[in-house]
Amino acid sequence: MDWAAAEEALRHSVPLHLVPAAAGDRGPPDVIGAATERARKRAPTVQLSSEVLREDAIAALVAHGRNAFALVLGPRGLGDLAAMLLGAVSLIMAARADGPVVGVLGAAEPRDGRFGNVAVGVEEGEGSGTALQFALREAHLRSCG
């Protein structure tokens, strides 16, 4: 997820806003501090802000991601096998978000300096061309399929 947080913001010259969301009082309190520290180390020049949202993750991400360059979602640290699977939040966000949703699967670091593939889901309608253009641009930036 660190790849998603800092290096993508740096690559696209956009600010990074870290938003962990958990309804009620769930979730470890140090998540945002640790994520902020890792992001600052990886990309010290990126404009960084954060907030912890005490609401349902889906509702929070839909609302706060409305004007984002992209919503970047990753695995929740569930181990190597689980990290290869797209989680429920990522799947729901792909259907509900107003803009691009990037689901980071597998290792946070590119293998041998290379990224894997970029996949894009489209449906009939006006947004399909925009989604395809976003995916092609991202694949080109990474020199991957």
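Structural remarks
- Anisotropy class of the range 35-77 from Cα gyration tensor, a/c 1.5 cut: prolate
- Peptides 116-127, 7-18, ordered by how many other C-beta atoms sit within 10 Å of their residues on average, highest first, read 7-18, 116-127.
Taken together, the values in this text are just the output of simple stated rules run on the coordinates, not laboratory data. Computed from a predicted model, the values in this text were never measured in an experiment. Neighbour counts run over all protein chains shown; Cβ positions are idealised from the backbone, glycine included.
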